[in-house]
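What follows is one structure encoded as structure tokens, with my remarks underneath.
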Amino acid sequence: MDGKTRLAGIIGWPVEHSRSPMLHNHWCRVHQINGAYVPLPVEPGQLETALRGLVAAGFRGVNVTIPHKEEAFRLCDELTETARRAGAANILRFAEGRIIGDCTDGTGFCDNLLAHDVALEGRALILGAGGAARAVAASLQDRGCEVFISNRTAARAEALVQALGTGTVLDWAEWPDRLGEMNLLVNATSLGMGGRGDVDWPALLQAGQAGLGVADIVYTPRQTSLLKAAQERGFRTVDGLGMLICQARAGFQAWFGVLPDADEASFDLLAQDLARHGLS
Ligand code: ATR
């Protein structure tokens, strides 16, 4: 590193689980870019202070993850159309003291499903109502899916559907009974991250029909207890690692000037690291 090193990073709380630093620094090496990408643990309530500090320190921008995506959206000086629709920002670019927010979670999610030959059609049930859920819901709707939202805190699910303009709220206790009507189930909560959350997925998935696609946005571990239960039922499953790589590309381009590929090498690097840490 020297005085010309371009700096970016990821803000989250916690942020230790994130493989984004590994991915972006890999792309810096591959493309011979004088850049560095660092983890930035920022406590809830400290996001604005942290962002203004990073702008002042000359960072190019940051990724934003749980639990800051919606707050980041509110703090941006400018937003892309996609971020506005998603109501969340996962990629911030700093330019002339201003913070410009974009959201690539939804397109990253859909690109990854298509790469796994999962059709984006019919009824999609999304668990969760945070920034990631909203981005995924908006992108699925843009591709013609009928979206259902269920969240532990019902008021957040109601607010999400209202913001989307269309969609159906299912009670958190009710969604397992409605699973038989769905083509796709998406976990967009933090349940399962780091093995957290003691949900009895096998029981909750009982009503699912053959052909149901099950996707998890959590990728630590890759094989979440939801995906394990879904596989045992013979459902098609997609883990969160591909989404991480697909959503990261646009951020890398914004900060470092090159659009990297979501190639096998990037995927293998992260998959092997997760395996080394017992998170396969
Ligand atoms: P992000 O904006 O990155 O999606 P978030 O706003 O913190 O992050 O959202 C986390 C999601 O996980 C929320 O939908 C949350 O549900 P609540 O709105 O009820 O908090 C969900 N979540 C977290 N822990 C959960 C748990 N133990 N059971 C069910 N849902 C949980």
Percent of Cα pairs exceeding the 18 Å cut-off, where the set is segment 76-211: 56 percent
Contour excess over end-to-end distance, with Cα ends at residue 275 and residue 207 and 0.36 nm allotted per residue: 21.3 nm
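Normalised by the residues of the chain, what does the relative contact order come to in percent, with Cα pairs under 8 Å and at least six apart?
Over the chain, the number comes to 15 percent.
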Percent accessible area from carbon and sulfur atoms, segment 161-201, protein chains only, probe 1.4 Å: 43 percent
Distance (nanometres) between label positions extended 7 Å along Cα→Cβ at residue 143 and residue 13: 3.3 nm
Heavy atoms of residue 28: accessible area, 1.4 Å probe, square angstrom to 10: 10 Å²
Point-charge dipole on Cβ atoms (K/R +1, D/E -1) for segment 106-239, about Cα centre, debye to 20: 220 debye
Accessible area in the full protein assembly, largest first, 1.4 Å probe, for 26, 68, 277, 116: 277, 116, 26, 68
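Normalising by the residue count of segment 102-228, find the relative contact order in percent from Cα pairs under 8 Å and 6+ residues apart. Write out the running numbers ahead of the final one.
Working: 218 pairs, mean separation 29.9, N = 127.
Over segment 102-228, the number comes to 24 percent.
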Spacing of the two label points (7 Å from each Cα toward its C-beta) at residue 31 and residue 43, in nm: 3.5 nm
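Calculated FRET efficiency, residue 98 and residue 196, Cβ-Cβ r, R0 45 Å, to nearest 0.05? Let's see the in-between values first.
On the way: r = 36 Å, r/R0 = 0.80.
Efficiency computed from Cβ-Cβ geometry: 0.80.
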Rh (Kirkwood; distinct C-alpha pairs) - the chain, Å: 19.0 Å
Cubic angstrom per residue, convex hull over Cα atoms of segment 58-133: 102 Å³
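Given the chain, what percent of its DSSP beta bridges are antiparallel, to the nearest 5? Don't jump to the answer; show the numbers that get you there.
Working: 8 of 39 bridges.
Around 20 percent antiparallel, to the nearest 5.
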Probe 1.4 Å - accessible area at residue 22, Å² to nearest ten: 60 Å²
Tilt relative to the chain, helix 154-164 - C-alpha long axis, 0 to 90 degrees, to 10: 70 degrees
Nearest-0.05 FRET efficiency for residue 1 and residue 168, computed from C-beta distance (R0 30 Å): 0.05
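Beyond 17 Å, what share of the Cα-Cα pairs of segment 21-105 is found? Please give it as a whole percent. Present the calculation step by step, with values, prior to reporting the outcome.
Working: 1708 of 3570 pairs.
The calculated P(r) of segment 21-105 puts 48 percent of pairs beyond 17 Å.
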For the chain, accessible area per residue (1.4 Å probe, heavy atoms of protein chains only), Å²: 44 Å²
Using alpha-carbon coordinates, inclination of helix 20-30 to the longest axis of the chain, degrees: 50 degrees
Heavy-atom accessible area order for 152, 84, 52, 178, largest first, 1.4 Å probe: 152, 84, 52, 178
Degrees between helix 131-142 axis and first principal axis of the chain (Cα, 0 to 90, nearest 10): 70 degrees
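The values are calculated or read from the model by the stated rules, or taken from the named source; none is laboratory data. This one's a predicted model, so the numbers in the text were calculated from it and none came from an experiment. Don't worry about glycine lacking a Cβ; one is built from the backbone with ideal geometry, like all the others, and counts go over all protein chains shown. Heads up: the accessible areas ignore ligands, DNA and RNA and are worked out on the full protein's heavy atoms, side chains in. Shrake-Rupley method; radii C 1.70, N 1.55, O 1.52, S 1.80 Å.
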